[in-house]
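First up is the structure itself, then whatever we jot down about it.
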Amino acid sequence: MNSSLALIWTITAATTLLQAGNGLLQALMPLRMQAEGISVASIGVVAAAYGLGFSTGCFIAPSFIRHVGYIRAFASLAALVSVLVLAMTQAHSTLAWVVLRGLSGVTLACIFTVTDGWISARATSSHRGRILSIYMICTKVALMLSPLGIGFGDIRTDGLFMAVSALITLSLLPIAATTTKEPGAPQGVRIEVRKLLATAPSAVVGAFVVGLVNGPVIAITPVFGVSIGLNQDQAAALLFALQAGSLAMQWPLGWLSDRADRRYVIAGLAAGTSLVSLLILWASAQGASLLILWCFAIWGGLALCIYSVCVAHACDIVEPGQIVSTVGTLLFSWATGVTVGPLFGALAMEIIGPRGLFIYAAVASLGLALFIAMRIIRIQRTPTKGGFLDVAPTSSASPAMAPRAEANGGPDGAGDQKDESAVARADTST
């Protein structure tokens, strides 16, 4: 265990600093754009540009890492992201924001390929779960706390952007100081949406709808908070609540999903997300800021955990050799949802008002719950016990934790499953 930690402490420290900057940036950008008079619809277009850039980066990353190696890739990409953040201080039009956010999506996708691929390659079989838990908890805490940094500056000045750039630049130091050997070069991942849709439709549709819902909520939540009368600190705290809820619920949901048909868990989380979305609408109408904060924590604990269960469900079904490709395909489905979801969410806010964001989230989540319920009625399957870790869609650590099937009986199908946790080594990013 100690030797495995020695191999990953530098990349874990670097990723934690990077995610601290990224979390602050997620809260800062929509507030800055709103302060400059950019419409909610345009903010949604900027968020969609990030999703498009991220999905593009997923295809570029493996070949780039094979060409320059993990350490050089991280160093060059982190430097580029830092420059893009500084360039955002000079962005005064929707087009400028779209270009910069799209480019940051490409570079961050490549960086997450480096970091998660490194972690997955270095974690040994006997300690993989604990190693990945340490890594994910560190990065989640960084994402959870960093939006609170909004309170230490003025969104109309450049100081907070400089702080984000500084955090991302500091992430270079652990990588530059590492004395451990970097992992071997990754291999390519084939994206096979049609094939996986035929095999595990619940997982593919689930990942897509997660992108449709979570993408706009995370991207536009600070604007929603300000629009319903919260100050900028309280609006940023909503992002803190989302990540805190996700962190608190990861193990209970993992325990539950290992003991039941995972589709029941997906359907329950989606239905719960829909109900809590309506509760957020009621609380915002009452002006109950503390209740709104708690509702966001519950919403994050439900909605932000669906993707991981979708990954585990798909990996229950596919052959062991297809796990990396499966997770890559699910990430592509998620990224597609993230690309178009902010457009729908922003449009709902433009037509209905601020609360349109969560009316949209409620409807989309309910649609997913109904779809999964139809799949459960149509095909029953045996639950598979195995390891589970709440990983973000951006994490290629997920295939390393996903339980796999020795045999299966067709689409979402039943089959005799071994009660074991699969340890599929992820040599490439999803």
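The values are calculated or read from the model by the stated rules, or taken from the named source; none is laboratory data. Just so it is clear, the structure is predicted and the values come from calculations on it, not from any experiment. A quick note on method: Cβ atoms are made from the backbone with ideal geometry, for glycine too, and the neighbour counts reach across all protein chains shown.
Looking only at the range 87-98, residues that are part of a helix (DSSP H, G or I) and surrounded by fewer than 16 Cβ atoms within 10 Å (Cβ to Cβ) come to 4 in all.
Within the range 50-70, can you find the residues that are under 17 Å from residue 14 (Cα atoms) and surrounded by fewer than 18 Cβ atoms within 10 Å (Cβ to Cβ)? Matches in the range 50-70: 69 only. Quick one: which of 243, 232, 286 is polar (S, T, N, Q), without any contact (Cβ under 8 Å) to a residue 60 or more places away in the chain and under 30 Å from residue 39 (Cα atoms)? Unique residue meeting the criteria: 286. Whether a residue is modelled with pLDDT of 90 or more, surrounded by 21 or more Cβ atoms within 10 Å (Cβ to Cβ) and among the charged types (D, E, K, R) was assessed, and residue 101 passes this test. Across the range 228-246, what is the total count of residues that are farther than 19 Å from residue 273 by Cβ and in a helix (DSSP H, G or I)? Within the range 228-246, residues that are farther than 19 Å from residue 273 by Cβ and in a helix (DSSP H, G or I) number 6.
Within the range 232-240, one or more residues are within 18 Å of residue 348 (Cβ to Cβ) and touching a helix residue (DSSP H, G or I) at 6+ places or on another chain (Cβ under 9 Å). Restricted to the range 248-280, and to residues there that are of a type in the set (Val, Ile, Thr) and under 15 Å from residue 312 (Cβ atoms), the residue that is farthest from the chain's Cα centre (by Cα) is 265. For residue 252, the test of being surrounded by fewer than 24 Cβ atoms within 10 Å (Cβ to Cβ) and either without any contact (Cβ under 8 Å) to a residue 40 or more places away in the chain or hydroxyl-bearing (Ser, Thr, Tyr) (or both) is passed.
Figure legend. Inter-residue proximity from the range 94-118: first residues without any contact (Cβ under 8 Å) to a residue 40 or more places away in the chain, second residues among the hydrophobic types (A, V, I, L, M, F, W, C), beta-carbon distance below 6 Å, spacing 6+ or different chains. Indicated pairs: 100/84; 100/87; 100/88; 100/91.
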